[in-house]
Structure formats: structure tokens, C-alpha cells
Amino acid sequence: MKVPILLPNIFNHPFTYESDINLKVGDYVVVPFGKSKITGVVWDEFEKKNSRNFKIKSVLKKLDVSPLKKTTIKFLNWFSEYNIIPKGMALKLVLLSSNAVEKFQQDAYKIFDTSIKKNSITLSGEQKKSLKKMNVSNQKFRVHVLQGTTGSGKTMVYFEALKDIINKGFQGLILLPEIGLTGQFEKKFIEFFGFTPAVWHSGITKKKKEIIWSGIANGEIKVVIGARSSLFLPFKKLGLIIVDEEHDQSYKQDEGVTYNARDMAISRASFENIPINLITAVPSIETYENIKKGKYSISKLKKRYQDASLPNYEIINLNETKLEKQSWLSKKIIEKVNFHLDKNDQVLFFLNRRGFSPHVLCNKCFNSYSCPNCSINLVYHKNKNNLLCHYCGFKSSLKRTCVKDGDCEFIFSGPGVERISEEVKKNFPSKKIEIFSSDTMNKKDSSDKLEKIINNEVQILVGTQLISKGFHFPSLNCIVVVDIDLSSQGHDLRGAEKNLQLYHQLSGRAGRTGKPATVYFQTYNTNTKMISDLTNSNPDIFLDRELDIRRQNRLPPFQRFISLILTGDNEIKLEKEAFYFKNFIEKKINGRVLGPVSAPIFRLKKKFRIRMLIRGSKSLKLQNSIAEIIPNYKFSSGIKLSVDVDPINFN
């Protein structure tokens, strides 16, 4: 018999093979492809529009793996169409290094034994009410949003909802936006359920990934806590998806196959006909609009756990308190921090900039240090004593011969967390200080560091936005926002929304155990309205206003944006190609083409970049028209096109 087999590669269609084995849709098989053997899946339809004559090869063997469900295959077909990527690349996301994993011996799954133990956790009246609302229509697809003040116990509510699903014999998936969260979160999970979940992200070993993949496919493993990629695991009996911190920008995959894991999770739940819960303190604009339209149900937690009060806010006006030369902390802030340290409060200095200084230049020739591969400044990291590009990873030493004479004399312009940490050490020499950023918290000893922070053995933290993402530090009662002026500027469609979410999350780290807490904002900006907007305990006021602006300007979520980025080695050739390409597609697609323009980061990883933005209606017609036309255009050698549906980053 003839069977369609989809292979994990750049083709948008299955290949036809012969088979003596009795095969069903979803079966994993090994087939010859060129000179190699490759794992594929029996797909739900044959290749269309094929006029080639070719010799049909035979399937070599069927693998001992539970078949990929038809509903998952339908989801992957849709995923490929929506994100304008080949079906084979969608399948590649499901497989493990392009392979399927056959069954292990039963004892391999022992560590994930799912027997729920009793715990002593009781929900408050408000939490019980939210849970009841969340569990309505739990036997079919629906989207429920649990919106709760930071520290209100949202996690316990959705753990209860998940417990119910597991007890009915289904599997559950909890998506987290950041790998760094999984350790602390796993502990919380074990405390509640009494068993170990499967944790899935890029940092786990190949062997462990194989056991988890196989256990999921065969229904042996009941719960996965994971980053974006866990959404594509081949669940046998998925019963519930939970997206924690649904507003977080980290759910967007920007490299390789681009997709938004939150939106794709909603679609997967729809194809599997199961419920999905979105958890947030401040919903994303897209989610908020769907709540307003009545497409998503919502429940709210307004009280913090054990009635802890939200932090107070205080503005330190830098126009009134002069900063010393090469200093970023005012005398007033030092006084406030000493007051908190005397009460045994933990303190956080927040600055969303990694490294020591974001800009290094020479005092003699005024040349700045920029990346040779990207049109971006190199950031000086004093701890490693090197200059680093945060985009391509290029490293360089600080030494440089000056065009004027001798060696360059450096000026470090602007602070990063390392520089603030030095100033903090000078002012509080007897205190234990820790930098909390992706450079310091992705190391092997980071779980020990976390433990020390939780136990208040570290009195002062200096952190980037990583710290705002769901961590629970019981003694943290003072937050100093070193420079809100920097992060409130920029030319980003989502800038205001991102700031609202960041500062709500950030202030939510403080005062979680009931002691009075304060967030201090250092600023030169006397317009305090912006800060009161960002810190208002009712973010809906801000979101309503933002939705109005987007509606008037026909911006997402009221229109669809699709970004096309052309990259190449030759700047002049690339610019010409961009105009030819625009002329080619403009009249043929179901939308309006803006551009071409140079990307804000014009050169990245040695390639020049030109952007176009297509705006159109929110239907698949736009994607389909683009997918139909692009294969008919022949790009000059060395020029590549990448497509980003619903872009979040406009760099």
C-alpha cells in the first residue's frame, strides 16, 4: 500500500512510500531518504500538485512508539500554515533531534511516579471562588484567565485545577516563560503534589529528554513543567494546559522557527478540545481584548496571600538631590536603604542592564567600542574583564591602540548592574551583595544562591528584569528602581504595555509576607503620572486606554502584522533586492506592504538586514497569500528571507 510520510525537514508536504507493514496515521516509521535513513510520521494526506516521476521507495520499519494523535497532526498542519513555515519543520519541533524514542523499561519512568499525597494547603474563600469559575466547562476547549495581584496565591489555585485533571487520568502541561524559574517552581510543585514532575528545557541532559519524551508519548508521565518547546511534546492524553505569566515576552521564539508559545498553546488546546488557563498579574493586550469581547472567561484574586498589603511607592526627585560624579545612587536613597536594612529587610536595586557599562569610548580619539559583526555597542563586563556583544556573542579585550597615540584611555558611559553593585558595596561594605541577572543565575551554583537569597543570607540584590519573573523572596521589602527614565523611552509599539507588566511584576516581589514594603523610583522626570499609571493597583484603566490607542491606529490586536526580514552580506545588493521583492509581492498579497527600511539593528551577525511590515486583516488569508507568492520569487544568491508572524520585537 502507498502511505504519505512527513519528514522533519524543509519540505511542506509528505513523501509517498510503499509499505507491506499495516500503518495508521500518526505511526512513527524509519524510511530511506537520499543516502540516509530518517524518522518520519505517517501523515493525514498525500502530497498535492505533484507532477514529477519518481521511484517509490519502501518503509524500512515501524517504531515501537504510541502514534502521534490525529488532533496533534491537525494542530501541526495549522501551525505550519499560520506561521508560514514548512510542515516538515513543524514536525521537527515534535521529534527529538529528528528522532522518535522507543519505549524504555518500566523502571526508567519510576522517578516520575504520579501518586498525589495529601498536603496541608487550604485555599482562601477568594481562591475557592476563582477555582470554581476556572473549572467551568473543563471537559472541552475554553480559555480561562486567572488574573491576580502578585503574591495572591494564583499558583495554588491552578495546582488544584490540575490535581483534578490528573486524578481523572489525563496529562497536564505547565508552561513557564523562563528556564531560571523551573527550580524554585519544581520545589513548590513537589510540596503541593508530593511527586516529581518532568521538567523540560534546553538545559536538561539528552538521556533525561529521551526518557521524558518516551514517557509522554506512552502516557507514563503525567505532568510536564517546561519552557516554550515543551508545547510540542507528543502527549498521549493531554487534559489541561496552563500558561503561567501569559503576558511574558519570552514566550515569543525569535530565532529559527518563529512562533508565540502562548498563542500556539491556545490553538493546541483548541485542536485537542481541552481547557487552557492563562495566568497573569497584568494581561497582555491581546488577552485583555479577548476578555472584553467575552471570548475568554476570567476570575480575579484581589487580595494578597494571608492579606499581605501591596508595597507603597515613593518618588525620589533627582532634580532636588544632586548625584556625586560617577555615582547613580542619591544620598536620600542611601538613607532609605539603611532604614530598611536596620529592620532586617532585604533590598533590591533594579536596573535592566547587564554588565558593568553599556558604552565604552576613548577619551583621546572618542571612538567607541562597537561590535565588528553587529551595528551595536559592546558592553563591558568587569567580572569577566571583557567586552561582549549581547546579540552575537563576540568577545574582545579592553586593550586597544589609539589612533592618536599609545593606548586608548577608556571612559565608561552609563551603568549596568555590575557598576551599581560596586557602588552599593562602597555604601554598604558589611552587607552580603549578589548580582541577579542571566549572566549570574544560569550557572551550576545558582540554586545555592537562590537558597541563600530566600533565607535572607544575602541582604542586598542588584538585579535585571529576570528577578521580576515569579521568584518568591520572603524578606524582600525594599526595591530601588535606579533609573526609570532609561526604560520608559524607546520606539516600541509595545513599550508602554511592557513597562506596565514589568513594574507590576517587579513591585510584586516586595512585601509578600505581610511586612510593610516600599518601591522607590529615582527619576529626573517630574511627570509622576507615568509612574502612578505603572503602579496603579488596577491595571485595567491603563489597558483600556492602550486598547483605544491601538484601535484608533489599527494596530495589533485589531490588525495582523507580519514582518519580512531580508538579510545578506552585500549592503547595496540587498537594498536593490528589497525593492524588487516589494514590487513583486505588493499587488499579489492580501495586505499593505510598509517599507523596505533598514532594521534598527542594521547589521547582525555579519549580515545586513532590511525589514518590511505587512499589515492586514486577522484571518489566514493574509498568511496564505504570502505563502503562495514567496516560492515564486527567486532571490539572488546570498540573500535570505525570514518571516515573523505577529512580531513582538522590531529590532
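The values are calculated or read from the model by the stated rules, or taken from the named source; none is laboratory data. The structure displayed is predicted, hence computed values, not measured ones. So basically every Cβ, Gly included, is an ideal-geometry build from the backbone, and we count neighbours across all protein chains shown. Surface areas here come from the heavy atoms of the whole protein model, side chains and all, with no ligands, DNA or RNA. Shrake-Rupley method; radii C 1.70, N 1.55, O 1.52, S 1.80 Å.
Computed from backbone phi with θ = phi - 60° and the Karplus coefficients 6.51, -1.76 and 1.60, the 3J(HN,Hα) list for region 144-159 is 10, 9, 9, 9, x, 3, 4, x, 8, x, 4, 4, 4, 5, 6, 4 Hz; x is used for glycine and proline.
State the three equivalent ellipsoid semi-axes of region 1-54, derived from the C-alpha gyration tensor as the square roots of 5 times its eigenvalues, in descending order and whole Å. Mind showing how you got there, number by number?
Numbers: eigenvalues 50, 38, 27 Å².
For region 1-54, the semi-axes come out at 16, 14, 12 Å.
What accessible area per residue, rounded to a whole number of Å², is obtained for region 375-495 using a probe radius of 1.4 Å?
Working: 5680 Å² over 121 residues.
Per residue, region 375-495 has 47 Å² of solvent-accessible surface.
Summarising the amide proton neighbourhood of I376: residues at separation of 5 or more, or on other chains, whose placed amide H is nearer than 5 Å comprise C371.
For region 443-469 and region 552-599, what is the centre-to-centre distance using only Cα atoms, to the nearest Å? Cα centres, region 443-469 to region 552-599: 43 Å. For region 275-371, the per residue solvent-accessible surface stands at 49 Å², with DNA, RNA and ligands left out and a 1.4 Å probe. Which loop trypsin sites (Lys or Arg not before Pro) in region 548-648, with loop taken from DSSP, have no more than 10 other Cβ atoms within 10 angstrom of their Cβ? Of the trypsin sites (Lys or Arg not before Pro), the ones in loops of region 548-648 whose Cβ has at most 10 other Cβ atoms within 10 Å are R554, K587, K634. In a DSSP loop and with at most 12 other Cβ atoms within 10 Å, the GluC sites (Glu not before Pro) in region 190-275 are E255. Here is the tail figure for region 99-182: Cα pairs spaced more than 19 Å apart come to 54 percent of all pairs. What the Kirkwood sum gives for region 126-221 is a hydrodynamic radius of 15.1 Å, with every pair of different alpha carbons counted.
Determine the distance separating the Cα centre of region 9-61 from the Cα centre of region 190-253; give it in Å without decimals. Cα centres, region 9-61 to region 190-253: 29 Å.
Share of carbon and sulfur in the accessible area of the chain stands at 50%, probe radius 1.4 Å.
Could you state, as a whole-number percent, how many of the C-alpha pairs of region 1-98 are farther apart than 17 Å? Present the calculation step by step, with values, prior to reporting the outcome.
Details: 2186 of 4753 pairs.
Every Cα pair in region 1-98 considered, those over 17 Å come to 46 percent.
Binning all Cα-Cα separations of region 493-651 at 5 Å, short to long from zero, yields these whole-percent fractions: 1, 7, 14, 15, 13, 11, 10, 9, 8, 6, 3, 1, 1.
Legend: Rg and Dmax of region 289-407, from Cα coordinates, 22.7, 68 Å. 3J(HN,Hα) along region 417-432, derived from phi through the Karplus expression 6.51 cos²θ - 1.76 cosθ + 1.60 where θ = phi - 60°, amounts to 4, 5, 5, 5, 4, 4, 5, 5, 4, 5, 7, 10, x, 8, 9, 7 Hz, with x in place of Gly and Pro.
The spacing between region 372-403 and region 112-172, judged by their C-alpha centroids, is 47 Å.
In the context of the full set of protein chains, residues of region 84-240 present 41 Å² of accessible surface per residue (probe radius 1.4 Å, heavy atoms only). Using just its DSSP H runs of length 4 or more, each adding -39500 (n - 2.57), the chain gives a mean residue ellipticity at 222 nm of -8500 deg cm²/dmol after division by all residues.
Across the alpha-carbon atoms of the chain, the computed radius of gyration and Dmax are 26.5, 84 angstrom. Phi angles of region 15-30 translate, via the Karplus equation with coefficients 6.51, -1.76, 1.60 and θ = phi - 60°, into HN-Hα couplings of 9, 8, 10, 8, 8, 8, 7, 6, 10, 10, 4, x, 5, 8, 9, 10 Hz per residue; Gly and Pro are given as x.
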